[in-house]
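Every read-out reported here was derived from the displayed coordinates using simple, explicitly stated rules and does not represent laboratory data. All values reported here derive from a predicted model rather than from experimental measurement. So basically every Cβ, Gly included, is an ideal-geometry build from the backbone, and we count neighbours across all protein chains shown.
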Amino acid sequence: MQILSSTPPYPLIQYIVHLFRKSCSSRKNEGGTAFTSKVKIFDTTLRDGEQAPGIQLSPESKLIIARALSEVGVDVIEAGFPINSPSEKKAVEMIVKDLNSPEIAVLCRPIKEEIDFCHEILKKAERSRLHLWIATSSIHMKYKLNMSPAKVIDKTIQAIRYASGKFDTIQFSSEDSTRSDLDFLGNIMREATRAGADIVNLADTVGCALPEHMALLVREIRKSVGDKIPVGVHCHNDLNLATANTISSIRAGAKQVDVTVTGIGERAGNTSLEQLSIALLFHQKHFDVDTNIHTEKLGSVCDTVIDEMGLNIGMTQPLIGENAFRHESGIHVHGMLNNPMTYELVDPKILGLLGKRYILGKHTGKAAVKHFLEKKGCELPDMEIDRLTTLIKERSVGSGLLEDENDLVDFAIEKGFDLEPSRRTGNE
Ligand code: KIV
Ligand code: ZN
């Protein structure tokens, strides 16, 4: 895959990340105290991500992605839903065998035989997590589960009691939390923790929540389960709010957040690991939270997932799309050449991505033309730069862009500009 990461010289990139973090926050919050609060990153690329229509990963592909997730520093890998198929079971087994860290989770319904099945698969894991879930909204309980609310609570309690002691951690998620009755949700979460759940998780399954809604939900459920039980969130992106909803949840006290690489997942997907990581990094000073993510490896984990899943990410996809760090317009390029922070929130190297790219087209200004020529050791008088800029604009309408300084020099020579003497001294 061509788009994203270089094979970065990691020590250098780590140093850049270090400087950036220092400039953002000095690793201190606004009150001047060191960051105390870590938010756990629960990655579900291999489960919710793989559920995206049209994506099927072989066990080998899943293992490649799991290794990349471990490298980038996620705290939990949800490796799959093993009851789904023999291939899914095999994938989870391969991941458990291969990785000592991080924690490995599997999705499971509250059914005894399924819990036993998951236990068998996870018992060799260094740290195992059972992710039990059931739907809690009236629409799901009536039309999908065909169960009364009382039955749903009972099933949850029985399953968690049965699973207790078989896994290092039991996570309980309520599907469709954001359309569930708040009192009922508080009740089931409280009962789940009394039965032995170590962490509870609120899913915005249809992606309908707004940031303030998620914050309220997190605060309420924290009251229901008490201080000792972490509350997590799982946000879908149907209104393009997954990252905002996740951040709002963190600010309301969520201690774990679900993400997928590139945001892949059911329908419009989930909160994207890269967007969330960079947002938290950029605003670290205000949030008082930190993660274990090595941001300089985000580009390569995205590359891996894009390759293995065969994804077509859009040109404007935040942070990793083709245009995310590409500039053409004259005013922007001029600003960028003076100080790259004028039009980018972070240096792409923070994500381990290839350096910036300027292209030349209809919106190009003289500064970019001059810069590109200088990169090749060429100079032209101002009036000639003006003329060349005009020709580039004219050309772009029919013939497209000039991608780099080599294209520019070829075009200038084709149009009769005299670049030859200095061209030979250029940095080919
Ligand atoms: O979106 C959802 O509700 C889920 C659950 C399994 C947590 O993915
Ligand atoms: Zn989901």
**Request:** Find all pairs meeting these conditions: Cβ atoms under 7 angstrom apart; at least six residues apart or on different chains; first residue within segment 96-125 and within 14 Å of ligand 1 (Cβ to nearest atom); second residue part of a strand (DSSP E or B) and basic (K, R).
**Result:** A105/R129
**Request:** State all residues of segment 161-184 that are assigned to a helix (DSSP H, G or I), touching a residue at least 40 places away in the same chain (Cβ under 8 Å) and more than 16 Å from ligand 2 (Cβ to nearest atom); if no residue qualifies, say none.
**Result:** Y162, A163, F184
**Prompt:** Can we say L130 is closer than 23 Å to A52 by Cα and touching a His at 6+ places or on another chain (Cβ under 6 Å)?
**Reply:** no
**Fill in**
Scanning segment 103-152 residue by residue, those hydrophobic (A, V, I, L, M, F, W, C) and surrounded by fewer than 14 Cβ atoms within 10 Å (Cβ to Cβ) turn out to be I139, A150
**Prompt:** Do any residues in segment 43-63 that are under 17 Å from V96 (Cα atoms) and of a type outside the set (A, V, I, L, M) have Cβ atoms under 7 Å from those of residues that are within 13 Å of ligand 2 (Cβ to nearest atom) and assigned to a loop (DSSP other than H, G, I, E, B), where the two are at least six apart or on different chains, and which pairs are they?
**Reply:** T45/I264; R47/F81
**Request:** Grab the strands (runs of 3 or more DSSP E) fully contained in segment 48-146, keeping just those with 2 or more residues being touching a Cys at 6+ places or on another chain (Cβ under 9 Å) and away from ligand 2 (no atom under 16 Å from the Cβ).
**Result:** 128-135
